[in-house]
Amino acid sequence: MSDPVTPTTPTPPAEPTLAPAVNTPEARTETGELKPAASTTPSTEPEKKPEAKPDAKAETKEGDKAPEGAPEAYADFTAPQGFQLNKDAIAKALPVFKELNLTQDAAQKLVNLYAEQSGPAGNQADYEAVRTGWRNEVLKDTSLSTGTDLKPAVKEAIGRTVQALGPELSNEFRQVMNVTGVGDNPAFVRALFKLSEFVTEGRPTSGKGPSPHGQKAPDAGPTSTAKAMYPNLP
């Protein structure tokens with residue numbers, strides 16, 4: 001006699017998983033991309049995150065060097081022809097160059113720009129034109145010039161005035177006049193010439209005969225006592 005067959009209960013089919021509604025958090029991946037519409041069952045595999053792409057700016061071609069920055073110590077900067085760099089100004093600028101991470105070449109460009117925009121080297125033509133105008137005005141002043149140069153007496157008086165400052169100070173004074181060009185200024189020349197009247201030595205007084213008040217020439221006759229006491233009397 002055969003064993004009775006035990007009836008088995010059929011397994012009900014799995015209910016289909018409905019796709020999440022569009023524009024809901026469940027419908028998008030962690031990176032914000034829309035999940036495929038055909039996906040009806042949740043995936044058991046961990047979702048792969050997209051690989052981060054390297055920054056394009058950080059990429060360098062093979063053989064290229066990284067951008068150069070500020071050196072540990074800047075070398076001496078060169079000055080354009082006819083211009084002398086101010087050492088104190090450069091010393092104050094070095095920390096700023098460092099803070100801006102400027103290379104030696106970049107810092108040199110700023111130094112060149114500074115030199116071009118300041119001092120006589122930056123506007124040499126205008127500077128010389130001003131000095132020429134000053135000299136022409138001095139030559140037109142007949143109290144100072146012969147028309148082509150300063151009068152010898154004016155040169156001598158101004159020279160004595162400057163020399164009265166002493167050897168060291170007079171040399172420094174002449175250097176300032178040469179560098180700045182102020183020695184060509186007509187007002188400056190007139191002022192020095194005027195000052196020469198106060199610092200130059202006086203000249204001896206020449207005799208021009210006896211005073212008419214109470215004195216007489218050697219060959220004059222005797223005067224009365226009253227005339228001697230009161231020379232202004234008629």
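Every number here is computed from the coordinates shown, using simple stated rules; none is lab data. Computed from a predicted structure; not experimentally measured. Cβ atoms come from the backbone with ideal geometry, glycine included; neighbour counts cover every protein chain shown.
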Cα-Cα P(r), region 69-122, percent of pairs per 5 Å interval: 4, 20, 33, 24, 12, 6, 1
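What whole-number value in cubic angstrom gives the convex hull volume per residue for the C-alpha atoms of region 124-199? Each step should come with its number before you reach the end.
Numbers: hull volume 5.9 nm³, N = 76.
Measuring per residue, one finds 78 Å³ for the Cα hull of region 124-199.
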Contact order relative to length of region 124-199, as percent, for alpha carbon pairs under 8 angstrom and 6 or more apart: 36 percent
Where GluC sites (Glu not before Pro) fall in DSSP loop in region 67-114, at most 16 other Cβ within 10 Å: E68, E72
Extreme residue, positive dipole direction of region 124-199, given options L169, L192, G181 (C-beta unit charges): L192
Nonlocal amide H pairs with R28, under 5 Å, H built at 1.01 Å: K35
